[in-house]
1. First select every other residue whose beta carbon is under 14 angstrom from the beta carbon of Ala13; then total the charges, Lys and Arg +1, Asp and Glu -1.
2. Pairs to check: Lys124/Lys200; Lys11/Lys200; Lys11/Lys78; Lys11/Lys167; Lys61/Lys125. Give those whose C-alpha atoms are more than 30 Å from each other in this structure.
3. What shape does region 91-133 have by the C-alpha gyration tensor, where a ≥ b ≥ c are the square roots of the eigenvalues, rounded means a/c under 1.5, and otherwise prolate means a/b greater than b/c and oblate the rest?
4. In percent, what relative contact order does the chain have, based on Cα pairs under 8 Å that are 6 or more apart in sequence?
5. In whole Å, what three semi-axes, largest first, describe the equivalent ellipsoid of region 85-205 built from its Cα gyration tensor (square root of 5 times each eigenvalue)?
6. Hey, what do the phi angles of region 65-71 turn into as Karplus ³J(HN,Hα) couplings, whole Hz, using 6.51/-1.76/1.60 and θ = phi - 60°, x for Gly and Pro?
7. List the residues of region 190-220 whose backbone N lies under 20 Å from a point placed 7 Å from the Cα of Asn229 along the Cα-to-Cβ direction.
8. If you plug each phi of region 188-196 into the Karplus form 6.51 cos²θ - 1.76 cosθ + 1.60 with θ = phi - 60°, what whole-Hz ³J(HN,Hα) values come out, in order, with x for Gly and Pro?
Amino acid sequence: MATKLSVNINKIATIRNSRGGNNPNVLQVAIDCQRFGAEGITVHPRPDERHIRYADVREIKSIITTEFNIEGNPMEDKFVDLVLEVKPHQVTLVPDYPTQLTSNHGWDTIVQAKYLQDIISVFKKDRIRVSLFVDPIEKMVSAAAATGTDRVELYTEDYARLFHQNKSMAIRNYLLAAQIAKEKNLGLNAGHDLDLNNLKFFANNIPSLLEVSIGHALISDALYFGLENTIQLYRRQLIAR
Ligand code: PXP
């Protein structure tokens, strides 16, 4: 089965917010991404609402025809309340600090095991699929399984950074992490810094990959290729194996 492409539209909201009006229209972009072939929409609301706003998340839910994935830090009560209200298909839990530019590390699923178990059960009670953002470290993936999460999302920044120097070194830890996820019956997602250069190699080597969420590079590529073409180009990296 081909890996699903979920488009992270935070960057569209960043452009909109820079001028205070409604251009580009985030809701319309979400509709169009799906029309152009995206198999999911991802948003990552942060407490200061500097990109996607909480109101956007509520609105986007009403136009979702594919899969809705909301990412964020459950240590913010406001985030938990929003997810429980909107009930997306998936919530991806990320241990980012409010002032962080972007996510830059996964959960410590050993130290935070009890906290994660408790919060995951809150979402699961409402039948929301849960994914935990983790670094590609075998013991972190292994301990994630004990939290009750459905999936893990492997943080791919290291992969993307090393890719140009040495592809097989870059993917090494991810192969091991994917193997553990399989043994533990965890679904596998991936994201961060994936782009048109490095995506195919990742997907080809990790066939159990269920979903990637991609924002920065995809939206940047759309400046040159247009949104429809770009989404098709990314999907082709995932389909043609
Ligand atoms: N996954 C998570 C948990 C993220 O925080 C982000 C960035 O918001 C992404 C995936 C997508 O990363 P990128 O914008 O580099 O494609």
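Quick note: the coordinates plus some simple rules give every number you see, no bench work behind them. All values derive from a computational prediction rather than experimental measurement. Note that we place each Cβ from the backbone using ideal geometry, even for glycine, and neighbour counts take in every protein chain shown.
1. With Lys, Arg at +1 and Asp, Glu at -1, the net is +2.
2. Pairs exceeding the cut-off: Lys124/Lys200.
3. In terms of gyration-tensor shape, oblate.
4. 20 percent
5. Rounded to whole Å, the semi-axes are 25, 16, 13.
6. Couplings: 10, 10, 10, 9, 10, 10, 9 Hz.
7. Residues 195-200, 215-220 qualify, since their backbone N sits under 20 Å from the label point.
8. These are the phi-based 3J(HN,Hα) values: 10, 10, 8, x, 3, 6, 6, 8, 5 Hz.
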